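These notes are about the structure you will find just below.
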Amino acid sequence: MDRCVVLVDAGYLLGAAASLLAGEPSRSSIVVDHAAVVAGLRERAELETGRPLLRIYWFDGAPDRVPQPEHRRLRVMPRVTVRLGALTRTDGRWAQKGVDAAMHAELSELARNRACSDVVLVTGDGDLLPGMMSAKEHGVAVHLWAVQAADGDYNQSEDLVAEADERRVLDREWITAAIRARDTSGFCPPVGPRPEFGPEIAAILAAPLPESALPPRQPETAPAPPEAPHPAKNGSEPHPPQHARGVPTPKDLADLGRTHTAPAQHPVPNATLRWSSEKGWADRGSDQADTSGLPTLAQLTSAEQRWADREADITAVSGDPYEVGQVFARRWIARVTDSGQRQQLAGHYPRVPHRIDGELLRYAARFGLLAHKDDQIDEHDRYAIRAGFWREFGIRGSAAAAAQD
């Protein structure tokens with residue numbers, strides 16, 4: 001068939017791009033616009049092969065082969081198929097397992113079935129040499145693309161380079177059209193594709209402590225001896241005083257927000273104080289008592305809605321933490337028929353009530369946000385999830401209340 005196929009080793013493409021742009025191969029050092037990468041690959045493949053694109057295969061590793069947010073975004077794009085190998089941690093380093101074998105199998109199968117006339121390989125691994133040779137024996141033209149090396153040298157197997165029919169280099173200009181080095185100059189780096197969210201998190205972490213949380217000013221005379229800490233009830237070591245933590249606690253910021261920002265009873269779309277009442281953050285006694293009448297999303301969802309939700313999660317929700325919080329809040333608000341329950345939830349702002357917060361985080365875990373975090377969602381991602389929740393609640397909740405009036 002007169003069509004071209006692109007096989008991408010994401011570990012090679014993004015690792016080499018990170019080395020080129022950020023000086024280190026860590027993918028966390030770059031920000032990737034995956035839609036732009038896919039568009040660039042398709043345009044260049046069709047131009048250089050003179051064939052229409054059949055499909056782009058994106059090979060990558062993931063812990064337990066659970067799709068990460070970037071994989072969820074990619075797999076719903078037109079003409080893109082994601083194939084995942086395992087991602088394992090050994091001696092403190094992550095390594096892909098099974099990706100090369102999957103690329104070899106796909107390349108051989110495409111050539112054997114004559115599914116395409118040209119194959120573009122974006123990889124540097126010599127393990128694909130047998131697959132490349134097999135494809136050529138079946139009459140397929142093999143194009144090998146390299147990412148410009150940071151040191152100007154080869155970053156591909158020499159045997160792979162020698163066997164390819166055509167060779168091209170994705171230079172810095174091509175790479176920077178879709179990938180950039182992550183800005184780490186601020187206190188808190190930006191999250192995902194939402195540039196407006198980075199300042200929110202930075203504002204939360206940089207907010208000053210309320211005076212009640214600051215250490216008392218000592219008189220200029222001889223300082224009084226420090227007060228002995230109260231022993232913990234369970235006999236463990238006492239908690240350090242608030243001012244020694246370095247970053248204000250959620251309870252500190254909640255108090256600060258009620259003093260200097262909108263009242264907690266009236267969440268606003270651009271509010272920046274959004275917290276949970278999890279253990280160790282705030283007193284949950286009153287929170288537990290006040291939330292007994294609040295239904296969970298599971299209680300509000302019918303079997304038909306549950307099926308539709310899963311379909312939407314698979315095909316339309318990327319898994320970005322901020323977006324996950326928005327989707328959850330949107331569904332909860334749309335299915336609550338009692339406006340009093342919406343007002344009750346709003347009264348807990350800026351903390352998400354514990355029983356709803358737990359359900360929210362369990363929902364977020366479906367999108368692979370537990371990966372690399374020892375089965376816990378990263379604290380920064382938790383902020384993003386709850387920020388999205390309150391943002392959507394402020395917008396949708398106001399609209400729902402206006403519709404009932």
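Derivation of every value follows stated rules applied to the coordinates shown; laboratory data play no part. Fair warning: this is a prediction, and the values are worked out from it, not measured in the lab. Cβ atoms come from the backbone with ideal geometry, glycine included; neighbour counts cover every protein chain shown.
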task: For the stretch 51-152, just run the numbers: alpha carbon Rg, then divide by 2.2 N^0.38 Å, N being how many residues it has.
output: 1.16
message: Give me R167, R351 sorted ascending by neighbouring Cβ count inside 10 Å, so fewest comes first.
response: R167, R351
- prompt: So, by mean Cβ neighbours within 10 angstrom, what's the order for 102-115, 152-165 with the highest one leading?
  reply: 102-115, 152-165
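Using a Förster distance of 45 angstrom, determine the FRET efficiency expected from the C-beta separation of E24 and R3, and round it to 0.05. Mind showing how you got there, number by number?
Values: r = 37 Å, r/R0 = 0.83.
Here the calculated transfer efficiency is 0.75.
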- prompt: Can you sort R168, R93, R72, R386 so the residue with the fewest Cβ neighbours within 10 Å comes first?
  reply: R93, R168, R72, R386
message: Between R335 and I314, what is the label-point separation in nm under the 7 Å Cα-to-beta-carbon projection?
response: 1.8
- line: For the stretch 1-53, using Cα atoms only, the Rg and Dmax in Å read 13.2, 41
- request: Grab the beta carbon distance between Q343 and R75, set R0 = 41 Å, and tell me the FRET efficiency rounded to 0.05.
  value: 0.55
task: Please work out the FRET efficiency for the pair D171 and V66, using the Cβ-Cβ distance as r and a Förster radius of 35 Å; give the result to the nearest 0.05.
output: 0.55
- request: Over the alpha-carbon set of the stretch 4-181, divide Rg by the Kirkwood Rh and report the Rg/Rh ratio to two decimals.
  value: 0.93
